[in-house]
Amino acid sequence: MARRKALGFHHNLFLELQLEDPNKYRRCMRMNTDLFEDLLQRVTPLIQKQNTHLRESISPAERLSVTLRHLATASICVGETQESLSLTFRMGQSTISGIIRETSVAIYEVLKDEYLRFPASTEEWKNIAYDFGERWNFSNCIGAMDGKHFHIEPPLNSGSLYYCYKDYTSIVLLAMVDAQLRFVYVDVGTNGRISDSGIWNKCSLKPYLEQLNIPPTALPGTDDLFPYIVVGDEGFPLSQQVLIPYPKELVRHRMDRRIFNYRLSRARRCSENSFGLLVARFQIFRSAMRYDPGVAKNVILSTLCLHNWLRSDSVGKAMYSPPSSVDCEDITTGAMQLGEWRNDAAGGLGVAGLAHQGGNRHANVAMELRNRWCDYFNREGAVPWQERMVTLNNSRR
């Protein structure tokens, strides 16, 4: 360990990649050198240690390198576990563990207020809705929602508290994303034993949406007022605030409802792509995290902040998620070009979706609202290609 500067990755391989192969450096760290220096400047006050007369402290840059390398690689098969990081960075394993824990919290602290911030005003919500209308032809949508179980190693003396129906221990991330694939709300840390419906009922978003006082507005092409809503899949209950697809048994021989489901899926794909990118780029989630739930929560929060930060920076976005990395729809031919994240994250065992809640009886007023949206998408709000897309997609099944 005394030869850290002479043989460690940070002082040798990473310096070589910075100078000679920036693309490989980006693949190692998930960002280029300029973004690394920007992040380093932000976190340095929180992770810098004082030198002593006995030894020189590990620099903030090296601490950040260790953490980003750990987050960016999978521990399954040949990835960077703490043990392998200890060998490549020439540090003790307990030192590596402490650095990752501390730096993950620091990343979250310095980025959360700017890049993982819940909209605080009606105007900010309307800006999100405008993006969904422009990019996905779904006006009055203020977010796409989804939830995932993140696999963790069984905590000591926890019994079945974190044991979920996926047959492993987990904590849950419930999130809402905007049209730019950025997370705008997250609820992370719920133990996996709680049912998926229970996760929704206990999260802070549900009462917030019920109390969100954004006046209904007319949709393009009509004078009818529609409320602002969040889109989700069948894992969530239909309500006046959350819009979900029609179940399969209700769309047979109903082109209008198939069109509604197609239009809803276009907006809902934002959450699917956001989670896909997160797991593909931060491959620590491809297998069980060897952390206690509290530390695993901090790791997840730090990667969410990094995701939003890189998606918000024009240079970082081009490198972190180029157009080919996310799903793309050709409305002329009806072809769906699947994003590269699906290949990058293929075989990942660390993240699983919430279960669909079959058999729910939704409130009549919520079902009537969904029918209104269905009528709108088949009349004033129709787009020229929707019937062709539904027909082509149905023929492929």
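General observations
- With the gyration tensor restricted to C-alpha atoms of the chain, the semi-axes of the equivalent ellipsoid amount to 41, 22, 20 Å, longest first.
- Annotation: peptides 274-286, 41-53, ranked by per-residue average of other Cβ atoms within 10 Å with the highest first, follow the order 274-286, 41-53.
- Think of it as helices only: each DSSP H run of n ≥ 4 in the chain is worth -39500 (n - 2.57), and spread over all residues that comes to -15000 deg cm²/dmol at 222 nm.
- Reduced Cα scattering model of region 200-348, Debye log10 I(q)/I(0), q = 0.10, 0.12 Å⁻¹: -0.51, -0.74
- Over region 146-285: Kirkwood hydrodynamic radius from C-alpha pairwise inverse distances, Å: 17.1
- Sequence-distant residues sharing a close amide H with Gly235 (under 5 Å, placed H): Gln357
- When you count the other C-beta atoms within 10 angstrom of each residue and take the mean per peptide, 236-249, 368-381, 290-303 line up highest first as 290-303, 236-249, 368-381.
- With every protein chain in place and a 1.4 angstrom probe, the accessible-area ranking of Arg27, Arg269, Arg254, largest first, reads Arg27, Arg254, Arg269.
- Sequence-separation-based contact order of region 13-161, relative, with Cα cut under 8 Å and 6+ spacing, percent: 14
- Charge context of Asn298, other residues only, Cβ under 13 angstrom, K/R +1, D/E -1: 0
- Contour excess over end-to-end distance, with Cα ends at Thr217 and Glu109 and 0.36 nm allotted per residue: 35.2 nm
- Cross-link partners for Lys166 among the lysines, with Cα-Cα distance under 17 Å and sequence neighbours closer than 8 places in the same chain left out: Lys148.
- Pairs spanning more than 24 Å between alpha-carbon atoms, out of Lys112/Lys206; Lys248/Lys297; Lys202/Lys297: Lys248/Lys297.
- The slack between Leu338 and Thr52, meaning 0.36 nm per residue of separation minus the straight C-alpha distance, is 97.6 nm.
- Taking the Cα atoms of region 63-185, the ratio Rg/Rh between the radius of gyration and the Kirkwood radius comes to 1.08.
- Total formal charge among the other residues, if their Cβ is under 14 angstrom from that of Met255, Lys/Arg +1 and Asp/Glu -1: +4
- A 1.4 Å probe over all protein chains sorts Lys202, Lys166 by accessible area into Lys202, Lys166, starting with the largest.
- Of the DSSP H helices in the chain, those whose Cα atoms cover at least 27 Å axially and whose Kyte score averages 0.0 or more: 293-312
The values are calculated or read from the model by the stated rules, or taken from the named source; none is laboratory data. This one's a predicted model, so the numbers in the text were calculated from it and none came from an experiment. In this analysis, Cβ positions are derived from the backbone assuming ideal geometry, glycine residues included, and neighbour counts consider all displayed protein chains. Heavy atoms of the whole protein, side chains included, go into the accessibility calculation; ligands, DNA and RNA do not. Shrake-Rupley method; radii C 1.70, N 1.55, O 1.52, S 1.80 Å.
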